[in-house]
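Please read the structure below before turning to the comments.
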Amino acid sequence: MRSRFNCYTINASFKAARENLTLVNNSIEQLAKQLSDRISALLPGDAGGIKKELEASIHSLLQSTFSKMNLVSREEFDVQTAVLQRTREKLEQLEKQLEKLKENSS
């Protein structure tokens, strides 16, 4: 029963991670477009043809920068926090059991 719960939790976190990657990619694309629009507005009128190239370069730069940052999604963070909490509780339980065993052996 426990392994089924863990598999469900893992599957849910992978699904959330995939959804977050989609959101991040959409956000990067939007940010790249906004930046290229603003930069294009500053360029002379005949330089507007480089807008798509500029947008692609900005997108690539943002993607690379965010990848290097090694960020995690909020859902992934929450899942790991819950795992850590359960681990702490189990550790406390084991420490109490160890103390009782020490007391009984004395």
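Let me check I've understood the local charge: for HIS59, count other residues with C-beta under 10 angstrom from its C-beta, Lys and Arg +1, Asp and Glu -1. What total comes out?
Local charge sum for HIS59: -1.
Sorted by average packing, counted as other Cβ atoms within 10 angstrom per residue and highest first, what order do 69-80, 87-98 take?
Top of the packing list down: 69-80, 87-98.
For ASP78 and SER64, calculate 0.36 nm times their separation in residues minus their Cα-Cα distance, and state this gained length in nm to one decimal.
2.5 nm
Here, each number is a calculation from the coordinates, and none is a lab measurement. All of these numbers come straight from a predicted model, not from anything done at the bench. Because the Cβ atoms are built from the backbone with ideal geometry, glycine has one as well, and the counts that use them run over all protein chains shown.
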